[in-house]
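Asker: Would you mind keeping the following structure in view while I ask a few things?
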Amino acid sequence: MNDVTLRSASLHFVRVTHKTCWTFLRLHSEDGRTGEGEATLIGQEDSLVLQANRLVPVALSEASPQDPGAFARRYASENIRQASIVSAIDQALWSLHAQMNGRSLAQTLGVERDRIPVYANINRRTESRTPAGFAASAQKAIAAGHVAFKIAPFDEVSPKACAQGDGARAMQVGLSRVAAVRKVVGPRARLMIDCHWRFDEPTARALNEAAAKLGVYWIETPMVEVEDNIAALARLRRQCNSLGMRQAGLETSVGWNTIRPYCEADAYDVVMPDMKYIGGLHEMQRTVEACASLGVLVSPHNPSGPICHAASLQVSTVLTAFDMLELQFDESPLFDQLVSSPFAPIIDGYTKLPAGQGIGAVLSEAVIANHADQPVREWRG
């Protein structure tokens, strides 16, 4: 492989909904190739610009597609804003590296599975937060080929409500949403519920008892993930297991070192590292291998845009202890419109890798421009 240097870079913000803005970083090489990464961190766009202004010029002068993982290793950070930009740069470098070899990223890593099991996160598309609204979203996901589903039904629950003794009552509204989805998807489908760190331990214990009766596959992020809560999370996991469920979490963790204390304390059955936050491909592989050695499954967090999805699909072909990959379902038609070729369909809960070199997805210049949320930031080497 001939030495190829980086010529320029750009940062793009795409407005998807009133809540969601996707962030993409593009690296352009001197030989005319483009590598793309995703750094979406909703509500933190200004912070991402600050980190990009600091890190991207360094990448243009130091990073090399010939050694794509070196930059992320050198600039690893437990700060999620820095890690988001570092991770996006890493994705783009690995895509360039694979393109220069005429291969997909999966081929570069050594494909171990050619079909990827996925589940539909139907939460963001569900604007009507009624049981019927969630049921309608589940029905649409079934029609699209999905057999596993996740919702975040506990809008009314909060740590404050739990502390005031009102969590159990507020939880009932969410459980009615879960029951409505279970009725639609049937008794055998995997159904996961995301708690978004809203519960305290007593209320989470009540939730586990109720969720088990609805055949829930896993309970996700019941409590705030801080050191003081690790012991409580371990107790909740044991309760989940006794009821035939799993406990999942750590979706915003940066690097194995932040995940390790939870795994060593047996706090989770499933860890959910995110390609946008983990700190690069090598850190993802390191985390997954460490989880496997401890008997912990991995299900990458992936509720974002098409570039993170493409990168996650590629990497999921080689992950050990792999359970399934998250897919944000039908939040916006921009998910497919932003890339030059559509993703493979979901068939019986599985999808295939996108065709093409690199990560297999190329952003559309015109669609990005038409839906820009902020001016493009550009840098030259």
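Every number here is computed from the coordinates shown, using simple stated rules; none is lab data. Small disclaimer: the values here were computed from a predicted structure and weren't measured. Note that we place each Cβ from the backbone using ideal geometry, even for glycine, and neighbour counts take in every protein chain shown.
Asker: For S104, enumerate residues with amide H under 5 Å from its amide H, sequence gap 5+ or separate chain, H modeled in the peptide plane.
Answerer: G358
Asker: Residues with amide H under 5 Å of R246's amide H, sequence separation 5 or more or different chain, H placed in the peptide plane at 1.01 Å from N; which?
Answerer: Sorted by chain and number, the residues that satisfy this are W218, I219.
Asker: Moving on. I need the shape label for segment 30-162. Rule: rounded when a/c is under 1.5, else prolate if a/b > b/c, else oblate, with a, b, c from the alpha carbon gyration tensor.
Answerer: oblate
Asker: Enumerate the calculated ³J(HN,Hα) couplings along segment 262-275 in order (Karplus 6.51 cos²θ - 1.76 cosθ + 1.60, θ = phi - 60°), each rounded to whole Hz, writing x wherever the residue is Gly or Pro.
Answerer: Whole-Hz 3J(HN,Hα) from phi for segment 262-275: 6, 5, 5, 8, 6, 7, 9, 8, 10, 9, 10, x, 10, 4.
Asker: Going by amide H atoms built from the backbone, whose H comes under 5 Å of the H on R7, apart from near neighbours?
Answerer: H28, S29, E30
Asker: Starting from segment 200-244, pick out the GluC sites (Glu not before Pro) whose DSSP state is loop and whose Cβ has at most 10 other Cβ atoms within 10 Å.
Answerer: The qualifying sites: there are none.
Asker: Compute the helix-to-body angle for 80-100: its Cα long axis versus the longest principal axis of the chain, expressed 0 to 90° and rounded to tens.
Answerer: 50
Asker: Just need the relative contact order of segment 139-186 here, percent rounded to a whole number, with Cα pairs under 8 Å and 6+ apart.
Answerer: Rounded, it is 42 percent for segment 139-186.
Asker: Let me ask something additional. What fraction of the Cα pairs in segment 65-129, stated in percent, has a spacing above 13 angstrom?
Answerer: The calculated P(r) of segment 65-129 puts 72 percent of pairs beyond 13 Å.
Asker: Can you give me the Cα centroid spacing of segment 11-49 and segment 159-197 in angstrom?
Answerer: Here the answer is 33 Å between Cα centres.
Asker: Rounded to whole Å, give me the distance from the Cα center of segment 316-371 to that of segment 232-289.
Answerer: 24
Asker: Then there's this: Taking 8 Å as the Cα distance limit and 6 or more residues as the minimum spacing, I'd like the relative contact order of the chain as a percentage.
Answerer: 23
Asker: Please list 3J(HN,Hα) in residue order for segment 114-122, calculated via the Karplus relation 6.51 cos²θ - 1.76 cosθ + 1.60 where θ = phi - 60°; whole Hz, with x for glycine and proline.
Answerer: 9, 10, 10, x, 10, 10, 8, 7, 9
Asker: Counting other Cβ atoms within 10 Å, which trypsin sites (Lys or Arg not before Pro) in segment 171-264 have at most 13 and lie in a DSSP loop?
Answerer: Those satisfying the criteria are R188.
Asker: Taking the Cα centre of segment 145-216 as origin, work out the dipole magnitude from +1 charges on Lys and Arg Cβ and -1 charges on Asp and Glu Cβ, in debye rounded to 20.
Answerer: For segment 145-216, the charge dipole is close to 380 debye.
Asker: When we measure straight from the Cα of K140, which aspartates and glutamates land under 20 angstrom away, once same-chain ones fewer than 8 places off are left out?
Answerer: Within the straight-line cut-off, K140 pairs with E127, D194, E326, D330, E331, D336, D348.
Asker: I need the shape label for segment 1-97. Rule: rounded when a/c is under 1.5, else prolate if a/b > b/c, else oblate, with a, b, c from the alpha carbon gyration tensor.
Answerer: It is prolate, given that a/c is not under 1.5 and a/b is the larger ratio.
Asker: Just list whichever of K160/K276; K150/K183; K160/K213; K183/K276 have alpha carbons separated by over 22 Å in the model shown.
Answerer: Exceeds cut-off: K160/K276; K160/K213; K183/K276.
Asker: Looking only at segment 107-352, where both bridge partners belong to it, what percent of the DSSP beta bridges are antiparallel (to the nearest 5)?
Answerer: Around 15 percent of the beta bridges assigned by DSSP in segment 107-352 are antiparallel ones.
Asker: Out of all DSSP beta bridges with both ends in segment 235-381, state the antiparallel percent to the nearest 5.
Answerer: Counting only bridges with both partners in segment 235-381, antiparallel ones make up about 25 percent.
Asker: For segment 22-157, what does the relative contact order come out to in percent, with C-alpha contacts under 8 Å and a separation of six or more?
Answerer: Computed over segment 22-157, the figure is 22 percent.
Asker: Further question: Can you give the helix-only mean residue ellipticity at 222 nm for the chain, where every DSSP H stretch with n ≥ 4 adds -39500 (n - 2.57) and the sum goes over all residues, rounded to the nearest 500 deg cm²/dmol?
Answerer: -12500 deg cm²/dmol
Asker: Let me ask something else about it. Taking only Cα atoms, what is the 0 to 90° angle, nearest 10, from helix 45-62's long axis to the longest principal axis of the chain?
Answerer: That helix lies at roughly 40 degrees to the long axis.
Asker: Which one is right for this structure if Kirkwood radius over Cα pairs in Å is calculated from it: (i) 24.0; (ii) 26.7; (iii) 21.0?
Answerer: Evaluating Kirkwood radius over Cα pairs in Å on these atoms matches (iii).
Asker: In degrees from 0 to 90, rounded to the nearest 10, what is the angle of the helix 201-213 Cα long axis to the longest principal axis of the chain?
Answerer: 80
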